[in-house]
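Encoded as C-alpha cells, the structure appears first; notes follow it.
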Amino acid sequence: ETSVLSLTEIAAFRGIDLGDPFLVENGVERLAEPSAWKQLITLGQDRQQARDEAFEAMAGRGGYPLAHRSNIPWPELSDQLNETVINRVLQHDVPRIGDVGRKRDPELVAEVFRLVCRYAGQSPGVRTMAREVQRTLDADVGHDRIRSYLRVLGEALLVHIVEPLEIRLKRRRGDAKLCLVDHALRASWLHEQVPLSTAGLAAAPHLTALAGRIAESVVGACLSSVPGLDVNHLPARQEQPEVDFILTVGTRRIPVEVKYQRHIEPLADTEGLRTFLEQTANNAPFGVLVTQSG
C-alpha cells in the first residue's frame, strides 16, 4: 500500500483503457528528443476521454491503491491514508531509518511533514522551516536537524527532495524543492482538498494559485519516479529566472516549466525556459511547458 500508482495503473484499477505506458524500461533516452514529447502529446489527444477520466480519479483521490479499490467517500479515505500511510510511516518506519538507536522526536517529525505538505511544490529552505517549527512547537530546532528529518522523510518515501542544479560551481547553493510522493497525503493530513481538474478549478477559481503549486509537486513526483532520470530544479539567480525542473539525460538537459493555468502569456510564462535554452553551456535542445490543458 505504500507505493503510488502511475496514471496507467490507476486506469487499469478502474477498468479504463488507457493503453500501455509511454516509457518502457530503460527508455529515458527518448526524453532528450523533441519527437518523443510530441508523440506523448498526440497519444494523450488520441486517448483524451480515457486520459481525462483517469486524471480525474488521480486528481481527486491520489495514487495509492486503497484509493481506487473502492469508491469510499473522501472523509473515510482521508482517515485511511492518515492511518495506514502517514502515521504508519512516521511511527514505525521513520525510527528505523538511518542510525540504529538514534532517537527522533515524533512531534518534530510530524511537524516537519506538515510543513512539507504546506510547502509542497515549493523551495522554502531550512531556515524558513526552522523558524516555523520554533514558532509552532516553541522549541529551539537547528537547521541541521531540519535537514536530517527531511532526508528521513525522503527515505521513508513520503517526499521527493529535488535538489538544485549545479552546472557550474556557485558560491551560494539553492534550497531543495519539496514534492510529496502523492498530493492526496497533503489533502488528508491538512484536511484541505484542492481541485486539480479543469472543471474543479472552474468552480473554485480562488484556489488556482494553490492548485498550481500542488500541480508542480505532482509533476515533480511523477518525474522523480522515472527510473534512471536525473531531476533537479533551477533556483532564480541574477542572470537566470527560476526553472521548475531540469531533466538530465546523458549530456543534455531539458528544462520543464509548470504553468498550471488556463491562459498562457507567451513571453512572460516562458521566460525561464527561453533564458535557459539561450545559454549554450546548458546544452538544452528544447524545453517543455506543462499547462492545465496539456
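The values are calculated or read from the model by the stated rules, or taken from the named source; none is laboratory data. Worth saying up front: this structure is predicted, and the values here are computed from it rather than measured. Note: ideal-geometry Cβ built from the backbone for every residue, glycine included; neighbour counts use all protein chains shown. The protein model used for the area step is the full one, side chains on, heavy atoms only, and it has no ligands, DNA or RNA in it. Shrake-Rupley method; radii C 1.70, N 1.55, O 1.52, S 1.80 Å.
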Quiz item: Given the structure, is residue 79 at pLDDT 90 or above, open to solvent by 90 Å² or more (accessible area, probe 1.4 Å), outside any helix (DSSP H, G or I) and more than 25 Å from residue 250 (Cα to Cα)?
Solution: no
Exercise. Among the numbered conditions (1) more than 27 Å from residue 270 (Cα to Cα); (2) touching a Phe, Trp or Tyr at 6+ places or on another chain (Cβ under 7 Å), tell me where residue 220 comes up short.
Key: (1)
Quiz item: Is one or more of the residues making up the range 55-67 over 16 Å from residue 193 (Cα atoms), open to solvent by 80 Å² or more (accessible area, probe 1.4 Å) and either at pLDDT below 95 or small (Gly, Ala, Ser) (or both)?
Solution: no
Exercise. Could you please tell me which pairs satisfy a Cβ distance under 8 Å, a separation of 6+ or placement on different chains, a first residue in the range 206-221 that is at pLDDT 95 or above, and a second residue that is acidic (Asp, Glu)?
Key: 216/244; 219/244; 220/244; 221/182
Exercise. Hey, could you check the range 274-294 for residues that are surrounded by 12 or more Cβ atoms within 10 Å (Cβ to Cβ) and part of a loop (DSSP other than H, G, I, E, B) and say which is modelled with the lowest pLDDT?
Key: 292
Quiz item: Quick check: anything in the range 29-41 open to solvent by 80 Å² or more (accessible area, probe 1.4 Å), under 22 Å from the mean Cα position of the chain (by Cα) and free of Cβ contacts under 8 Å to residues at least 12 places away in the same chain?
Solution: yes
Exercise. Please work out if residue 174 is surrounded by 13 or more Cβ atoms within 10 Å (Cβ to Cβ) and over 25 Å from residue 78 (Cα atoms).
Key: yes
Exercise. Might you check whether a residue that is farther than 27 Å from residue 189 by Cβ, outside any helix (DSSP H, G or I) and not charged (D, E, K, R) occurs anywhere in the range 108-124?
Key: no
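Here is a yes/no grid of residues against (1) closer than 27 Å to residue 30 by Cβ; (2) among the aliphatic types (A, V, I, L, M):
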site: 221; (1), (2): yes, yes
site: 224; (1), (2): yes, no
site: 232; (1), (2): yes, no
site: 235; (1), (2): no, no
site: 238; (1), (2): no, no
site: 242; (1), (2): yes, no
site: 253; (1), (2): yes, no
Quiz item: Restricting the search to the range 219-273, which residues are farther than 20 Å from residue 182 by Cα, of a type in the set (A, V, I, L, M) and open to solvent by 20 Å² or more (accessible area, probe 1.4 Å)?
Solution: 236, 264, 267, 268
Quiz item: Among (1) under 16 Å from residue 179 (Cα atoms); (2) at pLDDT below 95; (3) part of a loop (DSSP other than H, G, I, E, B), which single condition is residue 141 missing?
Solution: (1)
